[in-house]
1. Looking at (1) in contact with a Ser or Thr (Cβ under 6 Å, 6 or more places away or on another chain); (2) open to solvent by 60 Å² or more (accessible area, probe 1.4 Å); (3) not polar (S, T, N, Q), can you tell me which one residue 113 breaks?
2. For the condition within 29 Å of residue 178 (Cα to Cα), among the β-branched types (Val, Ile, Thr) and either part of a strand (DSSP E or B) or modelled with pLDDT of 95 or more (or both), what is the one hit in 214, 250, 275?
3. What are the pairs with Cβ atoms under 6 angstrom where one residue, in segment 149-175, is closer than 18 Å to residue 427 by Cα and open to solvent by less than 20 Å² (accessible area, probe 1.4 Å) and the other, located anywhere, is part of a strand (DSSP E or B) and of a type in the set (A, V, I, L, M, F, W, C)? Sequence gap at least six, or different chains.
4. Under 8 Å by Cβ, and 6 or more places apart or on different chains, what pairs join a residue from segment 394-411 that is over 28 Å from residue 297 (Cβ atoms) with one that is modelled with pLDDT of 85 or more and small (Gly, Ala, Ser)?
5. Select, from 355, 329, 348, the only residue that is surrounded by 15 or more Cβ atoms within 10 Å (Cβ to Cβ) and either at pLDDT 85 or above or farther than 23 Å from residue 152 by Cβ (or both).
6. Considering only residues of segment 425-442 that are open to solvent by 20 Å² or more (accessible area, probe 1.4 Å) and not acidic (Asp, Glu), which is modelled with the lowest pLDDT?
7. Do you know which residues across segment 82-99 are touching a residue at least 24 places away in the same chain (Cβ under 8 Å) and open to solvent by less than 50 Å² (accessible area, probe 1.4 Å)?
Amino acid sequence: GPSFGGVRQTMRCSSSAAIVLQLALGLLGCAVIASPPTSNGSPMQPSTGPLVPVQVAQDYGIDVSFPIHHNLQQGTWQQARYSQFMAGCAKKYSRSSCESSERSRMTLNLVQPETQINHTERGFDHLRAPSETMDALWGFWREHQASMQEEAWPTGNTYTNHWGANPTFMLSLENRAFNEGRAVKQKIWNSVKPLLEEWTGQRLRPSSLYGIRVYKEGAVLAPHVDRLPLVTSAIINVAQDLDEPWPIEVYDHLGRAHNVTMQPGDIVLYESHTVVHGRPAPLKGRFYANVFVHFMPVDAEGNDLHVGSSESMAAGRRLAKLSPPPVQREEPATPTDGTSKVHAAAARGDAEFIRRAIAKGLPVDEGDANEWRPLHEAARGGHVEVVDQLVHAGADLGAVTINGGTPLWWARKTHGPRHPVVAYFENLGAPEISDLSGQDEL
């Protein structure tokens, strides 16, 4: 298949015995051979159609290629690789902060899936992305790929080995310097949502879509489940330039490992809140660029079907499923000048007012004349409970104010790096983007 990195790739697979062995180690037995690009340098146009075959490893599961629920068996080469991974984190931060992050990751992997609802039998699928999705993404990538910015990660975060020579980069769809970014974002929402709704049989509400994340040589993505409200999700491969495949390792609802190799224009659908997914083998090549699109299943009244706190579950607390909040008679007033009563309630931390607004299905993520949304107000006000309510109601974590930034940017600017609101956003992996001077501030 074609690589949008300027080469066409041909897969040459090794013997079946070698493939079985390498799958058991979390790898694929194939090499990528580069050949000249197409005449116009453009990728072949994908179309949503037949499923792409998924290579299944029947002989290994949890805690083989990388720690998922528990530490690995001592004396294995996988454990040696993981020890090197942790040593790099400790050198950048501290051993205690890295180990704390790992405890939270593995505990969430273990606890959250058992508290949540699954809507598909296997938990993931692999096919070609809609053509309208890829047309928009490839055009944006072609025009702006040189403007990607290095991402900032919380202290001790171990979801990627971003320390040292392995930083990740983000090409934000929210950067106002790119006039078409928000239009591209809306096209992705509109084209991916019906695909996921058909797959799950559920009504969905958008949760998160930041931009194109780019991994570089040596990158590792620790196997994890996504934090709520990232539930029904899709990975879209935009471009890659590899020396060998970099499969995503996913664990189905029975705990069986699958290695999925994606090509530009491929999309993997997955229930990201319960399906452990990662890339434990280091990337061999120049780069790998993905978009992550997240939705939340809702009922006919718009109430979340998946509730609870990932932060609590990462601490090991198994929470019972909560009931949707009751609908109240009173209704927050409709705004008249762009700044609504929902904005005001978020700014003062009025969680009860926000709860009623959400229960009535009122708009809680609309911007005023300066693109301030209630989530920005709650973040600037330092109100963790209101922030959590708005995030679970589908507020856009990547929304940027005029002459300002995302909710995380405002929280850090107002309260400094140690405030609970900042920690909340960082645990979600929220983007930290600024509109000042038209550049991302990461």
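1. Here residue 113 meets the rest and fails (2).
2. 214
3. Hits for this filter: 158/222; 160/221.
4. Listed by first residue and then by second, the contacts come to 401/367; 410/379.
5. It is 355.
6. 442
7. 85, 86, 88, 89, 94, 97, 98
Here is a yes/no grid of residues against (1) open to solvent by less than 10 Å² (accessible area, probe 1.4 Å); (2) modelled with pLDDT under 95; (3) outside any helix (DSSP H, G or I):
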{"position": "178", "(1), (2), (3)": "no, yes, yes"}
{"position": "182", "(1), (2), (3)": "no, yes, no"}
{"position": "192", "(1), (2), (3)": "yes, no, no"}
{"position": "197", "(1), (2), (3)": "no, no, no"}
{"position": "205", "(1), (2), (3)": "no, yes, yes"}
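The values are calculated or read from the model by the stated rules, or taken from the named source; none is laboratory data. This structure is a prediction, so every number in the text was calculated from the model and none was measured. Virtual Cβ from ideal backbone geometry, glycine too; neighbours counted across all protein chains shown. Accessible surface areas use protein heavy atoms only, side chains included; no ligands, DNA or RNA. Shrake-Rupley method; radii C 1.70, N 1.55, O 1.52, S 1.80 Å.
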